[in-house]
Amino acid sequence: MSVIGSSVQRSDGEAKVRGDAVFGVDLVVQGMLHARLLRAPVASGKIRHIDTKAAAASEGVRML
Amino acid sequence: MTVDQPVSITCTVNGEERALQVGAGETLLQTLRQRLCLTGTKEGCLEGECGTCTVLIDGVPVDSCIQSAAAVDGREIRTIEGLSNGERLSPLQQAFLDHAAVQCGFCIPGMLMTLTALQEHQPTPSPGDVVTALSGNTCRCTGYRQMVDAAMAAARGGQT
């Protein structure tokens, strides 16, 4: 066996030390949408209503 | 002045002079990744804690996520893309490969920039110097030992 017991370099190592490796955050595809999370301003509570009017009126918003 | 207000700057990025329009509130990390498509510099915590976004400004390691882009006018910036000499990896990059210091790889650009600065200021560091230099860089795979070994080997001229 030529691999077992020997020290091998990882196949993606060079791309990673060059900064060439593409991670999820580096990926851009045409027409890609971006999501934003709105966090609750209080630690514990019941959501009765969220006023989405201003957000829905913003340019480029597809979904709320 | 608003955060979006354009500011004209000229700086050197990896040896190339760049004339740029950046936002007044823009971070250097945003400029590098979004305007210059230099995505080798990674976004980690966005609050200057993890060191993932480290670049060199005039040879000094800086967290680019909390560095104003408008303030780098006239400065020399180096990123991970500028470390190798074409095909040839820098001694530190090669040592990282040889010592299996790369795991998921997300922190590696920042680690290599920090260690490049150390190497330039302190060519014969002790293991303690390396650990101190890396104290601002977080690796969540926790492979620090291999990185210290790699930095020491690179300082010794690549011999293990």
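Against the test of being over 15 Å from the mean Cα position of the chain (by Cα) and in a helix (DSSP H, G or I), the options B:ALA154, B:ALA101, B:ALA133, B:ALA117 yield a single qualifying residue, B:ALA154.
Looking across the range B:30-43, the residues that are out of contact with any Leu (no Cβ under 6 Å at 6 or more places or on another chain) and within 18 Å of B:THR116 (Cβ to Cβ) come down to B:GLY40, B:LYS42. Contact annotation: residue pairs with Cβ atoms under 8 Å, 6 or more positions apart or on different chains, pairing a residue in the range B:125-138 that is within 13 Å of B:ASP63 (Cβ to Cβ) with a partner that is of a type outside the set (A, V, I, L, M, F, W, C) and assigned to a helix (DSSP H, G or I), are B:GLY136/B:THR114; B:ASN137/B:GLY110; B:ASN137/B:THR114.
Within the range B:48-69, the presence of at least one residue that is surrounded by fewer than 17 Cβ atoms within 10 Å (Cβ to Cβ), out of contact with any helix residue (DSSP H, G or I) (no Cβ under 9 Å at 6 or more places or on another chain), within 30 Å of B:GLN5 (Cβ to Cβ) and more than 14 Å from chain A (Cβ to nearest Cβ) is confirmed. Can we say B:ALA71 is among the small types (Gly, Ala, Ser), within 27 Å of B:GLU17 (Cα to Cα) and assigned to a helix (DSSP H, G or I)? Spelling it out, B:ALA71 is indeed among the small types (Gly, Ala, Ser), within 27 Å of B:GLU17 (Cα to Cα) and assigned to a helix (DSSP H, G or I).
Taken as a whole, the condition of being outside the structural domain of B:ARG18 (by TED's automatic domain parsing) and surrounded by fewer than 20 Cβ atoms within 10 Å (Cβ to Cβ) does not apply to B:GLU76.
Conditions (1) surrounded by 10 or more Cβ atoms within 10 Å (Cβ to Cβ); (2) part of a loop (DSSP other than H, G, I, E, B); (3) within 14 Å of another protein chain (Cβ to nearest Cβ); (4) not hydrophobic (A, V, I, L, M, F, W, C), marked per residue:
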position	(1), (2), (3), (4)
A:ILE4	no, yes, no, no
A:ARG10	yes, yes, yes, yes
A:GLU14	yes, no, yes, yes
A:VAL17	yes, no, yes, no
A:ALA21	yes, yes, yes, no
A:LEU33	no, yes, no, no
A:ALA40	no, yes, no, no
A:GLY45	no, yes, no, yes
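Would you mind finding the one in B:THR10, B:THR41 that is β-branched (Val, Ile, Thr) and surrounded by 21 or more Cβ atoms within 10 Å (Cβ to Cβ)? Working first, answer last.
Values: B:THR10 fails: surrounded by 21 or more Cβ atoms within 10 Å (Cβ to Cβ).
Just one listed residue meets the conditions, B:THR41.
Given the structure, is A:ALA55 within 14 Å of chain B (Cβ to nearest Cβ), within 22 Å of the chain's Cα centre (by Cα) and either surrounded by 10 or more Cβ atoms within 10 Å (Cβ to Cβ) or not in a loop (DSSP other than H, G, I, E, B) (or both)? Taking the combined requirement at face value, the residue does not satisfy it. Can you find a residue that is more than 10 Å from chain A (Cβ to nearest Cβ) and touching a strand residue (DSSP E or B) at 6+ places or on another chain (Cβ under 8 Å) anywhere in the range B:77-91? Checking the range B:77-91: at least one residue is more than 10 Å from chain A (Cβ to nearest Cβ) and touching a strand residue (DSSP E or B) at 6+ places or on another chain (Cβ under 8 Å).
The values are calculated or read from the model by the stated rules, or taken from the named source; none is laboratory data. Since the structure is predicted, the reported quantities are computational estimates derived from the model, not experimental observations. Note: ideal-geometry Cβ built from the backbone for every residue, glycine included; neighbour counts use all protein chains shown.
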